[in-house]
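S.K.: The structure under discussion is supplied below as structure tokens; questions concerning it will follow.
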Amino acid sequence: MSNEKIQAGLDKYNASVEKAIAKFPERANLPEQRLYTPLDISETDYADEIGFPGMYPFTRGVQPTMYRGRFWTMRMYAGFSTAAESNKRYRYLIESGATGLSCAFDLPTQIGYDSDDPISEGEVGKVGVAIDSLADMEVLFDQIDLGKVSTSMTINAPASVLLSMYIAVAEKQGVPADQLKGTIQNDILKEYAARGTYIFPPRPSMRLITNIFEYCSKNVPKWNTISISGYHIREAGSTASQEIAFTIADGIAYCEAAIKAGLHIDDFAGRLSFFWNAHNNVLEEVAKFRASRRVWAKVMKERFHAEKPKSMMLRVHTQTAGSMLTAQQPNNNIIRVALQTAAAVMGGTQSLHTNSRDEALALPTEESVMIALRTQQIVAYESGLADVIDPLAGSYYVEALTNKIEKEAWEYINKIDEIGGAVAAIEKGYIQKEIQDSAYKWQMDVESGAKTIVGVNKFQIEEEPPKGLLKVDASVGVAQCKRLAEMKAKRDNDAVKAALADLKKACQDENENLMPHILNAVRTYATLGEICGVMREVFGEYEAHVNL
Amino acid sequence: MDIVEELLKGNRLALSRAITAIENEYDEAMDIMKKLYPHTGHAFVLGITGPPGAGKSTLTDKLARAYRAQGKTVGIIAIDPTSPFTGGAILGDRIRMNGLTTDEGVFIRSMGTRGSLGGLSHKTADAVKAMDAFGKDIIFVETVGVGQSEVDIVKAADTTMVVLIPGMGDDIQAIKAGILEIGDVFTINKADHDGADKLVREMNMMLDLDGLMTDWRPPIQKVIASQNEGITETIENIEKHFKYISENGILTKRRTERSKNEMLDVLHSNIGSYITKKLVESGKMDEYVEQIKARETDPYTVVSNVMKDMLK
Amino acid sequence: MAKVRVLVAKPGLDGHDRGAKVVARALRDAGFEVIYTGLRQTPEQIAEAALQEDVNVVAMSILSGAHPHLFPKVVNLIREKGMDDVLIIGGGVIPETDIPALKEAGIAEVFTPGTPTGDIVEFIKANVK
């Protein structure tokens, strides 16, 4: 059918719509356009913009066969209380069919404090496992073969230290570093912009990141050295376009820092990975995944002149949106997570964490985690969504939306370039302000009823308080401090002192790669707090920019 | 709690309550100020102003730490704009100074402009006096911008520092005049950003053209507050300026001028509210307004008559 | 001209400040003066800031589960400073079962996920001294 014919049909249709609306008004707050036709994507060049799976610009996915070969990695983020407790949960997950581990650390660990630091009071073991030293890490991975499992660690500011501990545990298991598989989040820029667990100012933080890139490219080649994360930007309230735009702008900043440090783009770009949020609006999310791959491929090819196809692939881990879980009628969250899972799968994710229904209330119970994992398995094995590659390609709406999100993302990326890059935009508070404005708008839309959240502002019921929530006992903190004290009494304190002195010297020399020095300190059982303390002394601490 | 007695004994809550009384224009504020006044006049008052995003709070934080290291006690009044639409305000300067909060030698108070800019300079001056009477050695008054209101506020200061940053583009043109008028010392913050040297040159040129009326030429110091660079030099500049105004009688002159302004401020606001109250209570207010509206009389005649009646 | 002054703070180490920031803005839009102190505030810092700012309300948000420890500590420190009439409220990921103990400890009200900001504004207006 020619465009003229379609246009004629569309005109006729629009006239009929006028009449229909006069009789039956449409719901409020709908997207501007009610129907999409071939006309909406008539400018889109299939070969250039959409293409084929595993080929530039990777709109349709990064692998040639996608889930027809192997499903995505079903990776459940877990960890709480002590290393021993978390170790039990990990082994339970592996037995239940999870194919990768994902470690959650408690806040003191994420911010580089030991469990016995006064600032850690009340936080030890709460949102993840407490790791003070190599001794805890040994317990965490007890009876788990690090040569087989792939492990993702949600750790950023002290990523270098936790990765070193992981390498050291593997050494003790007899697994060489070049066999290790996994990911560290290691994305400090989004910590400043959205997540809040930063330690050092941008400059030394970027140095630590490029040190890891360099060290791993030589010694831990299968390790994903960064997971550039839009997840938390979205959780902080951004829109879908902002999520991928700000994250890709962060990615550009990391590449520039690495290139400035003397690395070649194709030596590290293949190990960069991304982390997206799977939000409520299914089709918008699918379009977001597709658009993000296209934008990143273009960035790598046109801006950084990468040559290896692998450097141009946006590989992504996904988590369903925690902020969309409701405390009201928590079982409804199972349905939300199922739809979000469908979006992530139709979007072509490489791995997925599904949230549990009770996470707006507390840490998930084992039963809830099981349902969340089963959700992925049902989508994989029963729904058929994973049987054909990029099944929504060619949908007039999804293709048009993919184009629109891409366009909006480029506008943000260009704006951030004008400001002087992601680091400058964060220092000026630009990115934070954009996110906050979106978050405020969302909240006001919910409160005005422009946006409906089932069970929250519509279809509410009287509810009994939920029972059987997981609680982390306060005694965990006491026990962990005791373990720490015992460990400190046993270790060779002279060796610790020497290793920390050596690390301090290395920190002061900007040209020195810190990884071997940190690994050295970790092996002596120097604690996370001691190691980060040395770095705090030399590097100082970041002061947040708040512009409400 | 006897606010004055407790404040003079060093009770921080009393100081806090005194400032609240001043801010909210409680009736007891006048009594508090009367009793505190004899205990004032010891503190050095530093005004800090500059455009939004110049890093004033971070700079204040670093300067305060430097003064604390010298053993001096510090008071900080941080003023942020009140929304003219809702009357609310977000006062976010403290976030840059969180590290000072638990230092007993530092007292930080955030204030919103609350719509009445004229009243604000008066209230700020009184809050400064409360901190002065409390025994603070140095009091910072930090405000956004360099408009007329800020000029009034910094009149409460002995030395006024203007903070600028590179890359402000045309903004700098717009505020030049105001800057020259009030800056005793200039600080170029974020001096590691592009354009810092250019800004210093521009500022120097402006000072050259200005044909200064005094022999104090405001120094221009490059600073990176976030990295504590240039803080020592900035303090030296502040001290040099203070020495200069002390030795040349300017400080005495400024403080005399300030005393006069204080008295006039109090006089104006008290007479004004006294007469307004009388007019409202007697019902004459409405009567006069009606007459003026009907063009039976005019505001000037009314005021002349009221003054004749009430102030004989 | 008295104005309601509210200290909005995040005690503990969690960095999730979306809620705290949204609430801060909503309180401003309701005509309050909001003193925002940001992340990683110790109970001592919050109590001392409340004193220096002479606030009427202290509003805290925690999503990490550290509320049973931190909320009561802040209440005690504020009361120790002689600020008996300050309204102290909390919010975040807080299980229903924890709320009675927090109220017992002096938290006037606990707002859980999904609370409209308007409810918080109304609560403050009705209970502020």
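S.K.: Are any residues in the range C:40-98 among the polar types (S, T, N, Q) and either within 23 Å of B:Ile19 (Cα to Cα) or in contact with a Lys or Arg (Cβ under 7 Å, 6 or more places away or on another chain) (or both), and if so, which ones?
M.R.: Answer for the range C:40-98, where residues must be among the polar types (S, T, N, Q) and either within 23 Å of B:Ile19 (Cα to Cα) or in contact with a Lys or Arg (Cβ under 7 Å, 6 or more places away or on another chain) (or both): C:Gln41, C:Gln45, C:Gln52, C:Asn56, C:Ser61, C:Ser64.
S.K.: Of (1) touching a residue at least 60 places away in the same chain (Cβ under 8 Å); (2) touching a helix residue (DSSP H, G or I) at 6+ places or on another chain (Cβ under 6 Å); (3) not aromatic (Phe, Trp, Tyr), B:Ile79 satisfies all except one. Which?
M.R.: (2)
S.K.: May I ask you to list the residues in the range C:1-24 that are surrounded by fewer than 24 Cβ atoms within 10 Å (Cβ to Cβ), within 14 Å of the chain's Cα centre (by Cα) and within 7 Å of another protein chain (Cβ to nearest Cβ)?
M.R.: Result: C:Val22, single match.
S.K.: Filter the range B:59-84 down to residues that are surrounded by 16 or more Cβ atoms within 10 Å (Cβ to Cβ), among the polar types (S, T, N, Q) and at pLDDT 95 or above and give me whichever is farthest from A:His545 (Cα to Cα).
M.R.: The selected residue is B:Thr73.
S.K.: A further question on this structure: Could you list, ordered by first residue, the pairs with Cβ atoms under 8 Å in which the first is in the range A:255-280 and farther than 18 Å from A:Lys218 by Cα and the second is of a type in the set (Asp, Glu) and part of a helix (DSSP H, G or I), at least 6 apart or interchain?
M.R.: A:Trp276/A:Glu243; A:Asn277/A:Glu235; A:Asn277/A:Glu243; A:Ala278/A:Glu285; A:His279/A:Glu285
S.K.: Then there's this: Restricted to the range A:204-250, and to residues that are in a loop (DSSP other than H, G, I, E, B) and not polar (S, T, N, Q), which residue is nearest to A:Ala343 (Cα to Cα)?
M.R.: Top of the filtered list is A:Gly230.
S.K.: If a residue has to be among the small types (Gly, Ala, Ser) and buried (at least 18 other Cβ atoms within 10 Å of the Cβ) to count, how many in the range A:401-420 make the cut?
M.R.: 1
S.K.: Tell me, which residue of the range B:204-236 that is in a helix (DSSP H, G or I) and under 20 Å from the mean Cα position of the chain (by Cα) is farthest from B:Arg68 (Cα to Cα)?
M.R.: Residue satisfying both the conditions and the ranking: B:Thr234.
S.K.: Which one of these does A:Tyr36 not meet: (1) under 30 Å from the mean Cα position of the chain (by Cα); (2) closer than 29 Å to A:Val379 by Cβ?
M.R.: All conditions pass for A:Tyr36, except number (1).
S.K.: To continue, here is another question. Please verify whether the range C:30-40 includes one or more residues that are away from chain A (no Cβ under 12 Å), closer than 28 Å to A:Ser438 by Cβ and in contact (Cβ under 8 Å) with a residue 60 or more places away in the chain.
M.R.: Among the residues of the range C:30-40, at least one is away from chain A (no Cβ under 12 Å), closer than 28 Å to A:Ser438 by Cβ and in contact (Cβ under 8 Å) with a residue 60 or more places away in the chain, which makes the answer yes.
Yes/no matrix, rows are residues, columns are (1) part of a helix (DSSP H, G or I); (2) under 23 Å from the mean Cα position of the chain (by Cα):
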position	(1), (2)
A:Asp40	yes, no
A:Gln63	no, yes
A:Arg75	no, yes
A:Asn87	yes, yes
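S.K.: Counting only residues that are more than 10 Å from every other protein chain (Cβ to nearest Cβ) and within 30 Å of A:Leu30 (Cα to Cα), which one in the range A:450-483 is surrounded by the most Cβ atoms within 10 Å (Cβ to Cβ)?
M.R.: Out of the qualifying residues, it is A:Lys451.
S.K.: Conditions: (1) crowded, with 18+ Cβ neighbours inside 10 Å; (2) out of contact with any strand residue (DSSP E or B) (no Cβ under 8 Å at 6 or more places or on another chain); (3) assigned to a loop (DSSP other than H, G, I, E, B). A:Met346 meets all but one. Number of the miss?
M.R.: Going through (1) crowded, with 18+ Cβ neighbours inside 10 Å; (2) out of contact with any strand residue (DSSP E or B) (no Cβ under 8 Å at 6 or more places or on another chain); (3) assigned to a loop (DSSP other than H, G, I, E, B) one by one, A:Met346 breaks only (3).
S.K.: Of the residues that sit in the range A:484-533 and are among the polar types (S, T, N, Q), without any contact (Cβ under 8 Å) to a residue 24 or more places away in the chain and not in a loop (DSSP other than H, G, I, E, B), which one is surrounded by the fewest Cβ atoms within 10 Å (Cβ to Cβ)?
M.R.: A:Asn493
S.K.: Restricting the search to the range A:114-140, which residues are in a loop (DSSP other than H, G, I, E, B) and facing another protein chain (nearest Cβ under 8 Å)?
M.R.: Of everything in the range A:114-140, those that are in a loop (DSSP other than H, G, I, E, B) and facing another protein chain (nearest Cβ under 8 Å) turn out to be A:Glu121, A:Gly122, A:Glu123, A:Lys126, A:Val127.
S.K.: Right, A:Met515: away from every other protein chain (no Cβ under 14 Å) and closer than 29 Å to C:Ala9 by Cβ or not?
M.R.: No, not satisfied.
S.K.: So, in the range C:66-82, of the ones that are at pLDDT 95 or above, of a type in the set (A, V, I, L, M) and crowded, with 20+ Cβ neighbours inside 10 Å, which residue ends up farthest from A:Val472 (Cα to Cα)?
M.R.: Top of the filtered list is C:Ile78.
S.K.: Could you tell me how many of the residues in the range A:52-74 are of a type in the set (Gly, Ala, Ser) and touching a helix residue (DSSP H, G or I) at 6+ places or on another chain (Cβ under 9 Å)?
M.R.: 2
S.K.: OK, next. Restricting the search to the range A:511-541, which residues are out of contact with any Phe, Trp or Tyr (no Cβ under 9 Å at 6 or more places or on another chain), at pLDDT 95 or above and of a type in the set (S, T, N, Q)?
M.R.: Once the filter is applied, which keeps residues that are out of contact with any Phe, Trp or Tyr (no Cβ under 9 Å at 6 or more places or on another chain), at pLDDT 95 or above and of a type in the set (S, T, N, Q), the range A:511-541 yields A:Asn520, A:Thr524, A:Thr527.
S.K.: Of everything in the range B:100-155, what is modelled with pLDDT of 95 or more, away from chain C (no Cβ under 12 Å) and part of a loop (DSSP other than H, G, I, E, B)? Give them in sequence order.
M.R.: If the condition is that a residue be modelled with pLDDT of 95 or more, away from chain C (no Cβ under 12 Å) and part of a loop (DSSP other than H, G, I, E, B), then B:Gly105, B:Gly135, B:Lys136, B:Asp137 are the ones that fit.
The values are calculated or read from the model by the stated rules, or taken from the named source; none is laboratory data. All values reported here derive from a predicted model rather than from experimental measurement. In this analysis, Cβ positions are derived from the backbone assuming ideal geometry, glycine residues included, and neighbour counts consider all displayed protein chains.
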